[in-house]
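Beneath this line is the structure, given in structure tokens, with notes to follow.
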Amino acid sequence: MKIKTLTTFDVYNYGASLQAYALMRFLTENGNDVEIIDYQPEYLTRKYNYKWVNPESPLSRNAITRTLYRFMKYVQRQTTLKRKRSFDKFHNDYLKRTSKRYYTPQDLQEYPPEADTYIVGSDQVWNVFYETGRDDSFFLSFVDAGKKIAYAASFSYLDLDDFQQKRIRKLLLSFSAIGVREYHGAQLLDKLNLESTWVLDPVFLLSKECWGNLVDKYESKDQYLLVYDFENNKEIKLFAEKYAEKHNLKIYSINDTYPCMYADKNFNDAGPLEFLSLIQGCSAFVSNSFHGTAFSIMFNKPVFVFNRKRHNVNSRMESLMSLFGLKKCIYSEYSPNIIMDIPNIDYDIINSTIDNERKKSIDFLLNNL
């Protein structure tokens with residue numbers, strides 16, 4: 001079967017790249033001809049455009065602050081170019097994309113990629129807090145002929161007004177099957193009288209052994225607590241320092257932009273494969289990252305999750321941790337009363353849950369193809 005998938009993959013985010021790879025690889029290994037639609041609207045690519053200034057930012061109000069902001073962004077871009085190249089190499093080596101790159105919804109409407117089946121997901125493609133969720137393309141609006149399926153699509157942000165609820169319901173009525181990544185999403189669609197199935201994120205479609213064979217385990221002379229923090233969260237800092245001290249661990253940090261000042265070792269240039277390798281080699285993992293947490297669970301690591309502060313996207317983490325009975329490992333803030341012992345996690349039970357839920361998710365995909 002000729003399949004085209006649509007997701008946010010080329011945004012220099014570890015989870016986005018790896019979930020896109022996982023779905024593509026799984027479908028390919030099941031005998032399909034699979035390509036990822038190379039859809040790159042401006043709102044996804046401007047992270048590396050130092051000329052762009054958010055019009056809602058106070059810095060956009062006059063020429064002096066706009067110029068200063070652009071200079072700061074230019075300097076920042078130079079410090080992250082190696083990281084960008086690591087991602088670009090992974091995408092070029094591992095992701096099969098359409099030969100045509102699409103820049104606007106109009107491009108997709110006028111020259112739609114041909115396929116028997118179109119699959120949208122995973123990640124936060126339906127999060128209306130972000131522009132992807134407000135872009136009808138991520139509801140496959142450009143598809144006139146062919147089956148439409150959602151796999152592990154995420155709303156994440158659940159406070160939808162009446163307009164968005166009506167819009168989303170109308171766009172999803174033409175789907176043959178809808179798989180969502182969080183149980184909250186299934187509840188939302190149930191409210192809209194749309195049938196859906198709660199499925200695993202695509203990274204779980206591939207086994208731990210498969211991911212392990214893709215990378216070399218990071219070898220370190222130190223045992224280390226791995227930190228991956230989107231927000232420079234002071235709660236994570238306090239926890240990491242205390243936990244590392246108690247268990248005689250170094251603190252290693254994977255960074256998107258700036259180095260982590262309290263870490264013993266910073267990884268500023270890591271690509272998706274290095275991200276996997278560092279999680280596989282760590283003694284424990286603390287983060288506010290969905291996919292970082294997913295891989296730490298898959299690799300059977302002690303895991304600690306802190307809720308995000310800046311964006312209301314914590315429902316996806318709650319859903320993931322609830323599935324595996326790990327809600328006790330989610331924290332909203334650091335407290336001196338937090339137990340610093342290695343958590344008693346029965347990974348035999350969790351691995352069995354992964355196997356069972358993977359089978360259900362695979363059945364959903366293959367039966368609907």
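For the chain, with all protein chains present and a 1.4 Å probe, just round the carbon and sulfur fraction of the accessible area to a whole percent.
The value for the chain is 47 percent carbon and sulfur by accessible area.
Would you list 163, 139 from the most to the least accessible area, probe 1.4 Å?
163, 139
Please list the non-local residues whose amide H lies under 5 Å from the amide H of residue 198, H modeled 1.01 Å from N, same-chain partners needing a gap of 5 or more.
Residues meeting the criterion, in which the H sits 1.01 Å from N, are 180.
Would you mind getting the accessible area per residue of the chain, heavy atoms of the protein chains only, 1.4 Å probe, in Å²?
That works out to 46 Å² per residue.
Please tell me the relative contact order of the chain in percent, rounded to the nearest whole number, where contacts are Cα pairs under 8 Å and at least six residues apart.
15
According to the square roots a ≥ b ≥ c of the eigenvalues of the Cα gyration tensor, what is the shape class of the range 1-87, taking rounded for a/c under 1.5, prolate for a/b larger than b/c otherwise, and oblate for the remainder?
prolate
For residue 136 paired with residue 367, estimate the spin-label separation in nm (one decimal), with each label point 7 Å from Cα along the Cα-to-Cβ line.
Result: 3.2 nm between the two label points.
Per-residue counts of other Cβ atoms within 10 Å, averaged by peptide: what ranking do you get for 90-100, 147-157, 175-185, 263-273, highest first?
Most protected by this proxy first, the peptides run 147-157, 175-185, 263-273, 90-100.
Starting at the first residue of the range 324-329, write each ³J(HN,Hα) from the Karplus equation 6.51 cos²θ - 1.76 cosθ + 1.60 with θ = phi - 60°, in whole Hz, x for Gly and Pro.
So the Karplus estimates, Gly and Pro as x, are 9, x, 10, 4, 5, 9 Hz.
What net charge is computed for the residues neighbouring residue 316, neighbours being all others with C-beta under 12 Å from the C-beta of residue 316, Lys and Arg scored +1, Asp and Glu -1?
-2
Determine ³J(HN,Hα), in whole Hz, for all residues of the range 354-369 in sequence, where each value follows from phi through the Karplus function 6.51 cos²θ - 1.76 cosθ + 1.60 and θ = phi - 60°; x replaces Gly and Pro.
Calculated HN-Hα couplings, in order: 4, 4, 5, 6, 4, 4, 4, 5, 5, 4, 4, 5, 5, 5, 7, 6 Hz.
Which of rounded, prolate or oblate describes the range 263-343 when judged by the alpha-carbon gyration tensor and an a/c cut-off of 1.5?
rounded
Would you tell me the accessible area of residue 210, worked out with a 1.4 angstrom probe on the heavy atoms of the protein chains, in Å² to the nearest 10?
We get 20 Å² for residue 210.
I'd like the Karplus ³J(HN,Hα) series for the range 284-297: coefficients 6.51, -1.76, 1.60, θ = phi - 60°, whole numbers in Hz, and an x wherever there's a Gly or Pro.
Working through the residues one at a time gives 6, 9, 10, 6, 10, 9, 4, 6, x, 5, 4, 6, 5, 5 Hz.
Between residue 71 and residue 358, what is the label-point separation in nm under the 7 Å Cα-to-beta-carbon projection?
Once both label points are built, they end up 5.3 nm from each other.
The values are calculated or read from the model by the stated rules, or taken from the named source; none is laboratory data. All values derive from a computational prediction rather than experimental measurement. Cβ coordinates were reconstructed from backbone atoms using ideal geometry, including for glycine residues, and neighbour counts include every protein chain displayed. What goes into the accessible areas is simple: the full protein's heavy atoms, side chains included, and nothing from ligands, DNA or RNA. Shrake-Rupley method; radii C 1.70, N 1.55, O 1.52, S 1.80 Å.
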